[in-house]
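Enquirer: One structure coming up, written as structure tokens, with questions to follow.
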Amino acid sequence: MASIAKTAQAGTLESSDVMITVAPGTQGSGIIIELESIVLAQYGEDIKIILEKTVKDQGITDIYIKAVDRGALDCTICARTLAALSRAGAVLKEEII
Amino acid sequence: MDLRRSMLFIPGNNPGMLQNGGVFGADSVILDLEDAVAPMEKDAARFLVAQALRTVDYGASETVVRINPLDTFAAVDIKAIVPCCPDAILVPKVESAADIHQVVAMIAAAEKPDQTPVKIIALLETPCGIVEAYHIAKADPRVVALALGAEDYTAGLGAMRTKEGTEIFTARTIVINAAAAANVQSIDTPYTDANDEEGLLADTQLAKRLGFKGKLSINPRQIDVIHSVFNPSLNDIDWAQQVIHAIRKAEAEGSGVASLNGKMVDLPIVNRAERILHLAELLGLMGGEK
Amino acid sequence: MKNAIGREIPETISGIAAIKPFAGAFTAVPEMARQAPKVKIIKPTDRKLVDSLVEVFKKIPVTDGMTLSFHHHFRNGDGVVNMVLATAAQLGLKNLTVALSSVFPVHAPIIDHVKNGVVTGLDTNYMSGPVAQAVSKGLFDKPVILRTHGGRGRAIECGQLKIDVAFIAAPAADEYGNLNGVEGPAACGSLGYAFPDAQYADYVVAVTDYLGEYPLSPISIPQTRVDYVVKVECVGDPKGIVSGTTRITKDPVGLKIAETAAKVIQATGLIKNGFAFQTGAGGASLATAAFVRKMMEKDSVVGSFALGGITGYMVDMLESGLFKKLMDVQGFDLEAIRSLSTNPNHLEIGADFYASPFNAGCAVNQLDVVILGATEMDTDFNVNVVTGSDGVIMGGSGGHADAAAGAKVTIIVANLLRGRLPIIVNKVLTATTPGETIDVLVTERGVAVNPLRGDLKEKFLAAGLPVKDIQELKQLAEKIAGAPKAIKTGENIVAVVEYRDGTIIDVVRQVEG
């Protein structure tokens with residue numbers, strides 16, 4: 001699957017968490033990331049990389065991701081993204097769940 | 001010997017707590033998918049706990065995951081969590097050996113080929129579970145401990161939960177006895193008033209006197225008090241050393257019978273002394289003295 | 001040029017008099033005399049009570065280019081700064097310097113006064129909120145001077161901060177200029193931060209909304225130093241001035257840090273009769289006091305004094321006999337006010353008495369232990385409490401550098417990771433307090449000891465504390481969170497950070513965007 005079926009959300013705005021919203025991308029839109037973060041200057045690039053990798057690993061190529069980050073670690077960003085994808089109807093690969 | 005003086009619940013949908021769970025010094029951390037997680041967030045918590053198990057360093061703490069009950073999300077929890085290599089699964093509301101057999105089958109199916117077998121701790125929190133305690137403990141070698149969950153249990157009894165805990169006295173002793181008979185550990189119910197340090201101390205002391213090997217905990221602030229109770233005291237260590245000394249002396253003298261202060265030292269006493277010394281050594285309490 | 005802790009300081013900074021680089025915490029030698037304010041006469045029939053700020057401005061008179069001073073004992077409930085500056089604007093004054101001991105969000109109108117040329121200079125020890133953010137983006141043409149609480153007292157006494165008119169917000173005053181902070185609707189407790197200004201300003205104006213009968217009692221600032229008394233409708237909002245009760249954190253990580261910090265203090269061996277202690281009111285600091293208290297109770301220790309900003313928690317320790325005295329430069333809550341007004345062992349002290357390095361001995365010198373916070377610390381133990389993770393000013397030394405210099409043992413309590421950000425960095429963005437005055441860092445994942453304090457390290461190891469090398473702790477944090485990228489700042493200098501002795505320890509540069 002190159003994109004997802006619907007819009008979905010996971011995570012919270014608590015400290016150390018991140019709120020991820022995913023929405024279907026149009027064919028060929030690529031992975032579009034909108035990032036808000038309290039540590040944008042220090043970790044903005046790292047966060048974008050982990051977001052992109054997480055969706056790519058699921059074979060998704062066209063998607064819109066909005067992340068509102070409150071200082072989440074990579075593992076949290078990954079978990080919240082997967083939860084959002086799953087809620088959006090993506091069938092996740094076995095080993096990740 | 002696995003040390004489970006304290007087993008600390010960490011809410012499974014709280015990233016801040018999950019990443020810091022290792023800093024409180026609990027012998028076990030229990031990443032909780034059950035009571036601490038709202039029904040709508042079960043899926044998100046599962047992802048979070050799975051990622052935490054893969055990436056967070058819980059230091060010396062044993063990693064335990066409390067899954068949801070068998071009649072709700074246990075199967076999907078096990079499938080997601082077991083491959084992330086927790087040390088153990090805490091199974092809530094266990095009522096029979098058959099429940100354990102079911103969990104074992106699911107764990108075995110989910111384990112990777114080279115994975116250290118995941119242990120099981122059975123949480124007994126219904127009158128039926130208490131009745132079946134021994135059979136549950138003996139149901140499978142993966143079972144390493146029985147834990148008592150007194151809140152649901154007293155509800156099941158139709159009794160009121162009190163701080164003195166008279167209403168759970170029977171359940172406590174049954175769990176302790178069943179666990180001892182099956183040669184597994186017994187873990188006491190949590191003390192739920194996190195602000196009452198004296199109450200926690202008294203309740204933990206009672207648990208230890210009755211024979212529990214550890215206590216569940218719902219707040220990191222409780223860890224130090226719980227450890228202070230379950231740690232062997234200097235008197236305990238002193239006594240244990242005397243026992244071992246007496247037995248060595250008897251052996252050296254070729255005598256079959258050792259005695260200490262006029263009392264015969266038999267095998268159960270030696271076992272208890274050895275357990276205390278082992279624990280003391282593990283906890284670095286032996287110091288240089290003696 | 002580089003100063004003693006390797007910070008790059010320009011040889012000259014426009015708008016700042018001769019730059020002396022920081023050379024070490026106790027290296028600077030004072031070579032001046034105390035400055036003397038104007039001598040005045042008040043005749044028997046003269047009245048000091050004035051009807052309005054406008055009238056007082058005209059009587060003095062306040063003129064373009066003067067330095068007006070203010071204090072932060074009303075914190076975010078202060079109404080006096082805005083009132084006085086509005087008067088200055090109304091009268092068309094220009095080019096004023098505001099010497100306000102701490103700037104709070106309530107002081108946002110300063111921004112417009114700067115844009116309109118009424119205010120062109122700011123001299124303070126701490127700032128947060130809109131003014132701090134605007135300063136970081138280059139609000140002022142000349143850099144703001146950031147001092148310490150003790151350093152401000154020193155600068156006033158020694159003539160480096162010449163105050164033309166001190167406006168003292170007074171919760172209670174009499175018509176002849178006796179002032180205290182414990183009566184009236186805006187009671188705030190200690191007026192300590194205003195003491196140096198009352199002594200050394202050319203003119204002192206008390207602004208009050210509560211006139212008591214002459215002579216007022218108790219007297220914190222005496223009539224002999226007050227030229228005018230202005231009665232206004234309202235000096236401040238009590239809700240912003242004091243909090244009801246100061247609560248101890250429930251955050252488990254904060255409590256873990258606090259408990260470890262208490263064990264660290266115990267291991268120093270200083271918890272014994274005569275113990276002298278300072279701790280902040282926030283987060284892990286106050287919680288540390290709670291754990292220290294338990295240790296004192298257990299061993300029946302009676303401390304000598306607690307110092308600094310005083311909370312109800314400290315009052316309770318005084319009243320429970322755990323400390324013999326409190327030395328109070330600023331009250332934080334209603335209990336602190338009640339105690340100051342009723343308990344002779346609760347002493348009100350001035351900023352200079354509290355922390356000035358250039359007098360015949362300040363109170364911080366008598367401290368055994370101080371607990372302080374940090375937003376960043378580097379591997380040389382230098383601490384930043386001025387700029388936040390985005391490079392924007394969000395604080396200031398206050399008494400940080402003073403207490404650190406004075407105490408026998410200075411302990412920083414901080415989360416190794418705040419959210420995702422490691423507390424330990426290679427080089428702090430802004431150095432506030434030099435590493436040579438910081439002894440221990442306590443985090444939830446271990447304790448680092450300044451290599452200068454090998455004596456402490458041995459004690460901590462013997463006590464079984466989780467001592468780690470600071471590099472090791474830094475690596476641990478980065479293993480969990482990843483290494484943060486450094487913040488980019490511009491070239492423009494928006495503030496100079498003055499050490500308590502008047503030397504320059506660092507500069508703050510403008511943030512981009």
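Enquirer: When the residues of the range A:28-57 are narrowed to those that are away from chain C (no Cβ under 14 Å) and outside any helix (DSSP H, G or I), which ends up farthest from residue A:5 (Cα to Cα)?
Expert: Looking at residues that are away from chain C (no Cβ under 14 Å) and outside any helix (DSSP H, G or I), I get A:34.
Enquirer: Quick test for you: out of C:419, C:388, pick the one residue that is over 19 Å from the mean Cα position of the chain (by Cα) and within 14 Å of chain A (Cβ to nearest Cβ).
Expert: C:419
Enquirer: Here's something else I'd like to know. For the range A:72-88, state whether one or more residues are within 28 Å of residue C:476 (Cβ to Cβ), surrounded by fewer than 17 Cβ atoms within 10 Å (Cβ to Cβ) and within 14 Å of chain C (Cβ to nearest Cβ).
Expert: no
Enquirer: Which of the following residues is in contact with a Gly (Cβ under 8 Å, 6 or more places away or on another chain), free of Cβ contacts under 8 Å to residues at least 60 places away in the same chain and either crowded, with 18+ Cβ neighbours inside 10 Å or closer than 27 Å to residue C:333 by Cβ (or both): C:88, C:108?
Expert: None of the other options fit; the residue is C:108.
Enquirer: Which strands (runs of 3 or more DSSP E) sit wholly inside the range B:192-266 and have at least 2 residues that are in contact (Cβ under 8 Å) with a residue 24 or more places away in the chain and more than 14 Å from chain C (Cβ to nearest Cβ)? Before you say what the answer is, go through the steps one by one.
Expert: Numbers: elements: B:214-217, B:258-260, B:263-265.
Fully inside the range B:192-266 and qualifying: B:214-217.
Enquirer: Among the residues of the range A:58-71 satisfying the criterion of being closer than 18 Å to residue A:11 by Cα and in a loop (DSSP other than H, G, I, E, B), which is farthest from the other protein chains (Cβ to nearest Cβ)?
Expert: A:70
Enquirer: For residue C:375, which of the numbered conditions (1) β-branched (Val, Ile, Thr); (2) within 14 Å of chain A (Cβ to nearest Cβ); (3) over 30 Å from residue C:130 (Cα atoms) fails to hold?
Expert: Among (1) β-branched (Val, Ile, Thr); (2) within 14 Å of chain A (Cβ to nearest Cβ); (3) over 30 Å from residue C:130 (Cα atoms), the lone unmet condition for residue C:375 is (3).
Enquirer: Can I ask one more? Which of the residues spanning the range A:4-27 are of a type outside the set (Val, Ile, Thr), crowded, with 22+ Cβ neighbours inside 10 Å and either away from every other protein chain (no Cβ under 14 Å) or within 10 Å of residue A:67 (Cβ to Cβ) (or both)?
Expert: A:11, the sole residue that qualifies.
Enquirer: Looking at the range B:1-20 only, could you name the residues that are away from chain A (no Cβ under 12 Å) and buried (at least 24 other Cβ atoms within 10 Å of the Cβ)?
Expert: Scanning the range B:1-20 gives B:4, B:5, B:6, B:7, B:8, B:9, B:10.
Enquirer: Let me ask something additional. Restricting to the range C:456-481, give me the number of residues that are surrounded by fewer than 18 Cβ atoms within 10 Å (Cβ to Cβ) and either within 14 Å of chain A (Cβ to nearest Cβ) or at positive phi (or both).
Expert: 3
Enquirer: Sticking with this one: Given C:368, C:316, C:328, which one is assigned by TED's automatic domain parsing to the domain that holds residue C:273 and crowded, with 23+ Cβ neighbours inside 10 Å?
Expert: Only one candidate qualifies: C:328.
Enquirer: Under 8 Å between Cβ atoms, at least 6 apart or on separate chains: pull out the pairs that start in the range C:486-500 with a residue that is away from chain A (no Cβ under 14 Å) and end on any residue that is surrounded by fewer than 23 Cβ atoms within 10 Å (Cβ to Cβ) and charged (D, E, K, R).
Expert: Pairs that qualify, where the first residue is away from chain A (no Cβ under 14 Å) and the partner is surrounded by fewer than 23 Cβ atoms within 10 Å (Cβ to Cβ) and charged (D, E, K, R), are C:491/C:509; C:492/C:509; C:493/C:509; C:494/C:137; C:494/C:509.
Enquirer: Just to be sure, is residue B:264 closer than 19 Å to residue B:27 by Cβ and either in contact with an Asp or Glu (Cβ under 8 Å, 6 or more places away or on another chain) or not hydroxyl-bearing (Ser, Thr, Tyr) (or both)?
Expert: Values: closer than 19 Å to residue B:27 by Cβ: no; either in contact with an Asp or Glu (Cβ under 8 Å, 6 or more places away or on another chain) or not hydroxyl-bearing (Ser, Thr, Tyr) (or both): yes.
In short, no.
The values are calculated or read from the model by the stated rules, or taken from the named source; none is laboratory data. Note that the coordinates shown come from a computational prediction; the quantities given were computed from them, not determined experimentally. Ideal geometry is used to build each Cβ from the backbone, glycine not excepted, and the neighbour counts take in all protein chains shown.
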